[in-house]
Amino acid sequence: MCLAIPACVEKLTTDNQAIVNLSGIRKTVSLVLVENIQPGDYVIVHVGFALQRLDPAEAERTLALFAEMSSLDNQT
């Protein structure tokens, strides 16, 4: 099973790369598989690659679900 995580693009860097925010963790990812990404866009990230742009509302819902699952896991 693979997990792709929504991330917000914070800054474009050189060579088709960007710094993204993955729930507070900043990471450099490759943008070679997506086009016309700008800071503020959400992308799905898997193994260091942005796979596609994601609707901001959908990204927020997904991140909220991840946070809810994490809080439930911490209660056990």
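Only the coordinates and a few stated rules stand behind these numbers; no lab work does. Since the model is a prediction, treat every value here as computed from it, not as a measurement. For neighbour counting, all protein chains shown are included, and Cβ atoms are generated from backbone atoms with ideal geometry for every residue, glycine included.
If I ask for residues that are of a type in the set (S, T, N, Q), surrounded by fewer than 16 Cβ atoms within 10 Å (Cβ to Cβ) and touching a residue at least 12 places away in the same chain (Cβ under 8 Å), which ones from segment 1-18 would you list?
The first filter runs over segment 1-18 and keeps only residues of a type in the set (S, T, N, Q), leaving 13-14, 16-17.
Pick out the ones that are also surrounded by fewer than 16 Cβ atoms within 10 Å (Cβ to Cβ) and you get 13-14, 16.
Residues satisfying the conditions are 13, 16.
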Exercise. Which residues, taken from segment 19-76, are aromatic (Phe, Trp, Tyr) and within 11 Å of the chain's Cα centre (by Cα)?
Worked result: 42, 49
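What is the residue count in segment 43-62 for residues that are β-branched (Val, Ile, Thr) and part of a helix (DSSP H, G or I)?
Looking only at segment 43-62, we keep the residues that are β-branched (Val, Ile, Thr), and these are 43-45, 47, 62.
With part of a helix (DSSP H, G or I) added as a condition, the list becomes 62.
Of the residues in segment 43-62, 1 are β-branched (Val, Ile, Thr) and part of a helix (DSSP H, G or I).
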Seminar exercise, completed: Filtering segment 19-35 down to residues that are surrounded by fewer than 17 Cβ atoms within 10 Å (Cβ to Cβ), in contact (Cβ under 8 Å) with a residue 12 or more places away in the chain and assigned to a loop (DSSP other than H, G, I, E, B) yields 23, 32, 33
